[in-house]
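No lab work stands behind these numbers, since they all come straight from the coordinates. Remember, it's a predicted structure, so these values are computed and weren't measured experimentally. Here the Cβ positions follow ideal geometry from the backbone for every residue, glycine too, while neighbour counts run over all protein chains shown.
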Amino acid sequence: MSKQTAQFTCTACGEKHRKWAGKCDACGGWNTIIEEAPLSSGPKSMGAKGRTIPLTDLATEEAPPPRAGSGLEELDRVLGGGLVPASAILVGGDPGIGKSTLLLQATAAFARRGLKCLYISGEEASAQVRMRAQRLGLADAPVQLGAETSLRDILTTLDAERPDLAVIDSIQTMWLDTVDAAPGSVSQVRAAAHELVTFAKRRGVAVILVGHVTKEGQIAGPRVVEHMVDTVLYFEGERGHQFRILRAVKNRFGPADEIGVFEMTGNGLAQVTNPSALFLSDRGTATPGSAVFAGIEGTRPVLTEIQALVAPSNLGTPRRTVVGLDSGRLSTILAVLEARCGIPFAGLDVFLNVAGGMRVSEPAADLAVAAALLSAREDVALPPDMVLFGEISLSGALRPVGQTENRLKEASKLGFSQAIAPERSKLGADTGMKLRQMPDLTAFVGEMFGAG
Ligand code: TYD
Ligand code: MG
């Protein structure tokens, strides 16, 4: 018998180590290595011969996967056009953000469309789930409920029932009796996810796994779970805000970066089909420090308001506080404004915020960020009917971004009438917007704020 020794695994990248260390050499993460119980059997010897696997060529025609729509348009779009049979989906999010609510509503919607759906909760009793369903007006949906954490029993049940969709809420509560570790530990989560994903593929059952997120914002458990599944969705939102964003960060069956917007109401999650109106809703009259960014989220244009506040600092190192944007991007834009346009922010505290709790990651937001910063610094309001977009390069040049026409159309639809964009932006049809194209940041500063 082989000697069983403890094994150490990095929770961030899944790399195995022979002994504990403060830093993982594979991914460079600190304090991510934890001890795991050894697997009960060692790896099999490679002496035995395997079977030959069937091979095909690339030209073999493959029909696109049939998809089942839930009728919840915001969800279907994020899934890439509906649920793909036998796919494995991971939905991550902070505790209390509304994952269980979303998935209960989704399961009910799929069940009403004729899919056989099972909802297994490892966190709540069936009665609790049923009460919630009643409150959400879903009691009549033909969903079958189960409250269980033993994966062996769950797999046996799924094998007997053969549903079209099984929701497992949550993967951290599941445990396998073959793995000698506590539920929620890396080895349990990895083994449970592996069992469920292989089951999904083998038996043609779509599974949705709910995953909790750590303080650092990653799905708790090893990163390998994200690699195992076909689709990873994050359900995000700011605590003080009503709305929630379902974001595809990985999708083997559709575009990543697609978002669905929901609003948490007393009766569960309601779809928000026109998010721009929502993110801009509390915009009053023109105020210094505010700029509207015409962005693209996935396949959909979304307008968001970028707000900046610039104030004299009494600290040695002035504050740079950012919500909803990358703080590195802010530093870059501040540096470009200083070096290329001669506008320093030294000795000034800078606060930057995307209104409404939205997160913006597109580089196209650079120009709107710079505009908000300048507007706050100069105390000059931008015209309230103006949107901006464009990437700022380190030289201070404005670089064109994609989908100019979609951005302008959305802005026009929401009552905006002028836009500032980089030179050489590709334009198709007339959008009814007055468009000014600028070569660089210096030209923009000169035009909007005088000589700069
Ligand atoms: P839940 O779906 O249990 O979150 P998770 O599964 O991500 O932990 O959602 C819990 C929160 O949602 C809770 O704070 C109450 C709120 N909520 C509503 O505001 N309205 C509703 O109709 C429901 C069901 C929940
Ligand atoms: Mg829950």
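Brief remarks on what is shown
- Close Cβ contacts (under 6 Å, 6 or more residues apart or on different chains) running from residues in the stretch 131-144 that are within 16 Å of residue 103 (Cβ to Cβ) to residues that are surrounded by fewer than 15 Cβ atoms within 10 Å (Cβ to Cβ) and hydrophobic (A, V, I, L, M, F, W, C) comprise 133/139.
- Residue count for the stretch 138-192 satisfying the condition of being touching a Pro at 6+ places or on another chain (Cβ under 9 Å) and within 16 Å of ligand 1 (Cβ to nearest atom): 4.
- Cβ pairs under 6 Å, 6+ apart, first in the stretch 83-108 and closer than 10 Å to residue 211 by Cα, second assigned to a helix (DSSP H, G or I): 91/99; 93/99
- Of the criteria (1) among the hydrophobic types (A, V, I, L, M, F, W, C); (2) in contact with a Pro (Cβ under 9 Å, 6 or more places away or on another chain); (3) assigned to a helix (DSSP H, G or I), which one residue 346 fails: (3)
- For the residues 16, 99, 23, the requirement of being touching an Asp or Glu at 6+ places or on another chain (Cβ under 9 Å) and farther than 30 Å from residue 259 by Cβ singles out 16.
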